[in-house]
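Q: First the structure, then my questions, so here it is.
The values are calculated or read from the model by the stated rules, or taken from the named source; none is laboratory data. Remember, predicted model here, so these are calculated numbers, not experimental data. In this analysis, Cβ positions are derived from the backbone assuming ideal geometry, glycine residues included, and neighbour counts consider all displayed protein chains. Accessible surface is based on the protein model in full, side chains and every heavy atom, while ligands, DNA and RNA are left aside. Shrake-Rupley method; radii C 1.70, N 1.55, O 1.52, S 1.80 Å.
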Amino acid sequence: MITNDKMIDQPAYVYLPLTTKKYSTATTIVNKNDSVRIGDIIAYQSNDEDKYPVISTVSGIIIGFEHRFDRFDQSIKHVIIKNDFKSVLKDYKPYPNDVTKSQIITRLRAFHIETISYDGYYTPLALDEKKDHIIVNTIFVNEPFVTVKNHRITEYAKMIIDGIDLLATVWNITSKTILISQNMIDILSPFISACEKKSVMVQYIDLRKMNGWQYQTVRNITSQQSMERVVWTDTEALIYVNQAVRKGLPPTMRRVILTGDGITTNAMCTVRIGTPLSQVIEQIGGYLNIDTISIHIGSYMTGQSVMNDDFIIDLTTHVVHISKYYEYDTEPCIRCGDCNDICPVGILPHSIMEAKKQHDFPMVLKLDVDECIACGLCTYVCPSQINVSQHVTLAKTLGYKRGNHNED
Amino acid sequence: MKIKRMQPPLERNSEMSFKRAINLHSIVIIVSFLTIVLQVFYTYYSDHYIDVLLHRALLIGIALVSSIAMEIVFVIIKKDHKALLEYSTYITAINTGLIMVLLLADHTPLFIAAISVIVVIIVQKWFLNRFERYLLQPTVAVFFVLTLVFPMYVNIESIPLVNLYHVVKGIEVSMVNPLQLVLGNYEMISIGAANTIILGFAFIYLTVTNVIDMRISLTYIITVAFMALGVGLFHRMPITFGLIHLCSGLTLFAAVFLISDSYSSPTSRETKIAYAVAIAIVTITLRTLTNGVDGVIFAILIGNIITFVFSRIIHRSNQAILTRTILYSCVTVTLFTVGLGIYSIA
């Protein structure tokens, strides 16, 4: 459990990516030497379907554009803003009292908040889709390590509950649930009472075992197999929603957990969006004196390795793990079946892996490989340290490419 | 400072596969040692315990030498000379060799023991290299072939089970004392089918350390016990039937060392249960209906074939399938028990 909390100083320069994996085209509307305020639109990023603003997270001067590697190791264009440290805000109308559905939607779109999904762990706040349930996770996940931000939940209790109400208004949802660790009942009792007063159901989670509890819990609450009609999000997103609608404040800061035995300090950091990771690491004490490190972003189960430490902390970065590089020996599969037992969706990862190795792709499809949610639990439990999840993901791709072809 | 891509350094919640092999290895060695030592104190062998001690020690020694020699040959073929000096290289081969020899009877000639160990390791390596699994459990398959090829040397008589078969046929015989049965103090099928207490401890240890899957072994034991008690009820000797079927005829040995071998057993929980139930049903059926009083060996081979079929037809694992599997298993076991009971008294 991470208890070290650090506020990272505002950087002298902020770098904002103009494109992302999903929105690969950018149209800039500012030029070099333009002054910007917090909340000013710098560019629009788009794909074939949508267009979203890129907004400034500091006030200052645009000093130029440059290509940098993002956390997907892609070289993309970033705008560089020199911070004047004055935090001048663009005026956005606050809605402290009654607010309509369209006003909420407009505001969330204006600040790009609807795309928050945190490395695929949560669902995006897809405002134009039909949703039946809101399920909020208070348990900060850096699997298999788990952190619960008690003091933050207590401090921001009203904002979190209001954020749930605002989202419920968007989709006209009555089913609202919040997940709380059962070890935190006493500490969070005022918050729990406040939730219950606002008709937000509280579900207690036993965190002692890694067993895909998130998926099971969501399925039990919604009685649905898929997450299509579920808004699965966390307290940080709700705080952004509340601040955006009630105070007209765009998201400018991000809570990021930095962990690992490659850095001197493990901490939960509050970081200005647009800060390079390397600057954050420097401020919390820097790297340990080791030759080779490994950087992993996102949950251990569902995240990814990154090959550069200079990527920009953005709205979707929530966990970064920096560790010493270790060589791991994978042992042969002993067919224990632990991966089959742990799979939360009920498919058979071992059988899929076997079928893929035998190039039996029609069998891969028969094994319902498309239902894999890439939770990574099969990899986690494997006693031979095989990356089973990777095999299943590859089987999924090859299965669809070659399995249908074989059947024809 | 360099950055390198690495699989996440997770602390996994299961025993590493190499640790599992070490745990099995230590148990196999302990059981092998105890089978030599303990039996010589039993009254059955009191007249010729020196011969028994020597012959068993030689059998175990042959197993060790043959398995290590075969492993050295394979290592040299693979040109992995560094592995020659690492003990971990020999663990699997030693486990296999010792389990093979523990299946053999006291009077098995040494050359048979050597041949069987050599053949089983060759078969094992071939299957693992080609398929990464066994289609048939090599130890069991080789033992089965031995009983066909060398019937004069590999005797699979088991006195308590023979007596039970006679009881089923209506012939009055005296039964082995239950205490002696539990301690393994009777003329038995194989040197490893020994002391129930030793095998019981081995079972518990290997289950706790995740070497054997309790769902397979315990399901098998419970099913055998249920069917034995059930058939015994028809003869008004349920406890006797239960004790004899459980404590003799390789039942416990199979539960600990043969049935739950992961390379030849299924991998999903429902199929594991069905597999164990199938083996237990075939075991008791063969023991009740035929003079082949052992039954377990043939049953395991049938089970291995069933595993292959399961892997093609079972595509999911969830609570509903598990419940159905348990239900169908209970019904099938009950039907077989009643059927065998009625047949045996008819």
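Q: If each of B:Ile345 and B:Thr332 carries a label point 7 Å out from its Cα toward its Cβ, how far apart are those two points in nm?
A: 2.6
Q: Across peptide B:268-277, what mean number of C-beta atoms from other chains lies inside 10 Å of a residue's C-beta? List each step's numbers first, then the result.
A: Working: counts 10, 3, 1, 4, 3, 0, 0, 0, 0, 0.
Per-residue shielding by partner chains comes out at 2.
Q: Hey, can you list the DSSP H helices of chain B whose Cα span along the axis is 24 Å or longer and whose average Kyte-Doolittle score is at least 0.0? If you can, show how the numbers build up before the last one.
A: Working: long enough: B:17-39 (33 Å, 1.40); B:49-78 (43 Å, 1.85); B:110-131 (31 Å, 1.90); B:214-234 (30 Å, 1.79); B:269-289 (30 Å, 0.99); B:296-313 (25 Å, 2.19); B:319-345 (39 Å, 1.35).
Qualifying helices, which must be both long enough and hydrophobic enough, are B:17-39, B:49-78, B:110-131, B:214-234, B:269-289, B:296-313, B:319-345.
Q: Please compute the net charge surrounding A:Arg107, taking Lys and Arg as +1 and Asp and Glu as -1 over other residues with Cβ under 12 Å from its Cβ.
A: On the way: positive: A:Lys93, A:Lys101, A:Arg109, A:Arg246, A:Lys247; negative: A:Glu114.
Result for the local shell: +4.
Q: Could you order peptides B:55-67, B:267-279, B:296-308, A:285-297 by the average number of other Cβ atoms within 10 Å of their residues, highest first?
A: On the way: B:55-67: 19.8, B:267-279: 25.1, B:296-308: 21.8, A:285-297: 16.3.
Answer by packing, highest mean first, reads B:267-279, B:296-308, B:55-67, A:285-297.
Q: Per residue of chain A, what 222 nm ellipticity follows from adding -39500 (n - 2.57) for every DSSP H run with n ≥ 4, rounded to the nearest 500? Can you show the working numbers first?
A: Numbers: 13 runs with 109 residues, N = 408.
That comes out to -7500 deg cm²/dmol.
Q: Order A:Glu228, B:Glu132, A:Glu331 by their accessible area, 1.4 angstrom probe, all chains in place, largest first.
A: Values: A:Glu228 135, B:Glu132 95, A:Glu331 50 Å².
I get A:Glu228, B:Glu132, A:Glu331, largest accessible area first.
Q: First check a/c for the range A:196-348, with a ≥ b ≥ c the square roots of the eigenvalues of its C-alpha gyration tensor; if it is under 1.5, answer rounded, and if not, answer prolate when a/b is larger than b/c or oblate otherwise. If you can, show how the numbers build up before the last one.
A: Numbers: a/c = 2.44, a/b = 1.06, b/c = 2.31.
It is oblate, given that a/c is not under 1.5 and a/b is not larger than b/c.
Q: Lys/Arg Cβ at +1, Asp/Glu Cβ at -1, dipole of the range B:72-157 taken about the Cα centre: which of B:Ile72, B:Val142, B:Ala105 is farthest positive-ward?
A: Of B:Ile72, B:Val142, B:Ala105, it is B:Ile72.
Q: Is the C-alpha gyration tensor of the range A:1-114 telling us rounded, prolate or oblate? Criteria: a/c under 1.5 is rounded; beyond that, a/b larger than b/c is prolate, otherwise oblate. If you can, show how the numbers build up before the last one.
A: On the way: a/c = 1.32, a/b = 1.14, b/c = 1.15.
The shape class here is rounded.
Q: Compute the long axis of helix A:213-222 from its Cα atoms, compare it with the longest principal axis of the Cα atoms of chain A, and write down the angle in degrees, 0 to 90, nearest 10.
A: Tilt relative to chain A: about 80 degrees.
Q: Rounded to the nearest 20 Debye, what is the dipole magnitude of the range A:6-127 about its Cα centre when Lys and Arg each give +1 and Asp and Glu each give -1 at the C-beta?
A: Working: 16 positive and 14 negative charges, 38 e Å.
Roughly 180 debye, rounded to the nearest 20.
Q: In addition: Relative to the Cα centre, what is the charge dipole magnitude of the range A:35-93, using +1 at the beta carbon of each Lys and Arg, -1 at the beta carbon of each Asp and Glu, and rounding to the nearest 20 debye?
A: On the way: 9 positive and 9 negative charges, 68 e Å.
Approximately 320 debye in magnitude.
Q: Kirkwood-based Rg over Rh for the range A:278-408 (C-alpha set), two decimals?
A: Details: Rg = 18.0 Å, Rh = 16.8 Å.
Ratio of gyration radius to Kirkwood radius for the range A:278-408: 1.07.
Q: I want to verify the translational diffusion coefficient of the range B:139-239 in µm²/s; compute it with Stokes-Einstein, Rh as the Kirkwood radius over Cα pairs, at 10 °C and 1.306 mPa s. Could you put the intermediate results ahead of the total?
A: Values: Rh = 15.8 Å.
Rounded, D is 100 µm²/s.
Q: Okay, next question. In Å², what does the accessible area per residue of chain B work out to with a 1.4 Å probe?
A: Numbers: 15350 Å² over 346 residues.
Heavy-atom SASA per residue in chain B reads 44 Å².
Q: State the Kirkwood hydrodynamic radius of chain A in Å, one decimal place, computed from all pairs of distinct Cα atoms. Provide the component values of the computation, followed by the final result.
A: On the way: mean 1/r = 0.0440 Å⁻¹.
It is 22.7 Å.
Q: What is the dipole size for the protein assembly as shown, taken about its Cα centre, with +1 at each Lys and Arg Cβ and -1 at each Asp and Glu Cβ, in debye to the nearest 20?
A: Numbers: 63 positive and 62 negative charges, 251 e Å.
Roughly 1200 debye, rounded to the nearest 20.
Q: Of A:Met268, B:Tyr328, A:Ser102, which is farthest along the charge dipole of the protein assembly as shown in the positive direction, counting Lys and Arg as +1 and Asp and Glu as -1 at C-beta?
A: The listed residue farthest towards the positive side: A:Ser102.
Q: Continuing with this model, one more query. Which trypsin sites (Lys or Arg not before Pro) in the range A:227-304 pass both tests, a DSSP loop state and at most 16 other beta-carbon atoms within 10 Å?
A: Values: sites: A:Arg229, A:Arg246, A:Lys247, A:Arg254, A:Arg255, A:Arg272; in loops: A:Arg229, A:Lys247.
In loop regions of the range A:227-304 (DSSP not H, G, I, E or B), the sparsely surrounded trypsin sites (Lys or Arg not before Pro) are A:Arg229, A:Lys247.
Q: Here is a further query. Are there trypsin sites (Lys or Arg not before Pro) in the range B:75-129 that DSSP puts in a loop and that have at most 16 other Cβ atoms within 10 Å, and which ones?
A: For trypsin sites (Lys or Arg not before Pro) across the range B:75-129 that sit outside H, G, I, E and B with at most 16 neighbouring Cβ atoms in 10 Å, the list reads B:Lys79.
Q: Okay, next question. Please determine, in degrees from 0 to 90 and to the nearest 10, the orientation of helix A:101-110 with respect to the longest principal axis defined by the Cα atoms of chain A, where the helix direction is its Cα long axis.
A: Its long axis makes an angle of about 90 degrees.
Q: What percent do you get for the relative contact order of chain B when only Cα pairs under 8 Å and 6+ apart count? List each step's numbers first, then the result.
A: Working: 473 pairs, mean separation 60.3, N = 346.
Contact order relative to length: 17 percent.
Q: Which pairs, out of A:Lys324/B:Lys78; B:Lys19/B:Lys272; A:Lys77/A:Lys324, put more than 26 Å between their alpha-carbon atoms? Before the final figure, lay out the partial values.
A: Details: A:Lys324/B:Lys78 33 Å; B:Lys19/B:Lys272 23 Å; A:Lys77/A:Lys324 30 Å.
From A:Lys324/B:Lys78; B:Lys19/B:Lys272; A:Lys77/A:Lys324, over 26 Å: A:Lys324/B:Lys78; A:Lys77/A:Lys324.
Q: What is the pair-distance distribution P(r) of chain B, computed from all Cα-Cα distances in 10 Å bins starting at 0, with each bin given as a whole percent?
A: 5, 24, 33, 24, 10, 3, 1, 0, 0
Q: Consider just the alpha-carbon atoms of the range B:211-346 and return their Rg together with their Dmax, both in angstrom.
A: Rg, Dmax (Cα atoms, Å): 14.4, 43.
Q: Report the one residue of A:Tyr380, A:Pro250, A:Ser189 whose Cα lies farthest in the direction of the positive end of the charge dipole of chain A (charges on C-beta: Lys and Arg +1, Asp and Glu -1; origin at the Cα centre).
A: Most positive-ward Cα: A:Pro250.
Q: Within a 10 angstrom radius of each residue's Cβ in A:373-385, how many Cβ atoms of other chains show up on average? Whole number is fine. Kindly include the intermediate steps, with their values, before the conclusion.
A: Values: counts 0, 0, 0, 2, 0, 0, 4, 6, 4, 5, 10, 6, 6.
Across A:373-385, the average partner-chain Cβ count within 10 Å equals 3.
Q: Please compute, for peptide B:253-264, the average count of beta-carbon atoms on other protein chains lying within 10 Å of each residue's beta-carbon. Each step should come with its number before you reach the end.
A: Values: counts 0, 0, 0, 0, 0, 0, 0, 0, 2, 5, 4, 1.
Mean number of neighbouring Cβ atoms from other chains: 1.
Q: Mind jotting down the distance between the C-alpha centroids of the range A:55-101 and the range B:109-170, whole Å?
A: Here the two parts' Cα centres lie 74 Å apart.
Q: I'd like the FRET efficiency for A:Gln74 and A:Thr330, computed as 1/(1 + (r/R0)^6) with the beta carbon distance as r and R0 of 22 Å, rounded to 0.05.
A: 0.20
Q: Could you tell me what % of all Cα pairs in the protein assembly as shown have separations over 51 Å? Show your work: numbers first, answer last.
A: Details: 88287 of 283881 pairs.
Of all Cα-Cα distances in the protein assembly as shown, 31 percent exceed 51 Å.
Q: Roughly how tilted is helix A:388-398, in degrees to the nearest 10 and between 0 and 90, from the longest Cα axis of chain A?
A: It works out to around 90 degrees.
Q: Once every Cα of the range A:59-119 carries one equal point scatterer and solvent is ignored, give the base-10 log of I(q)/I(0) from the Debye formula at q = 0.13, 0.22 Å⁻¹, two decimals.
A: -0.62, -1.04
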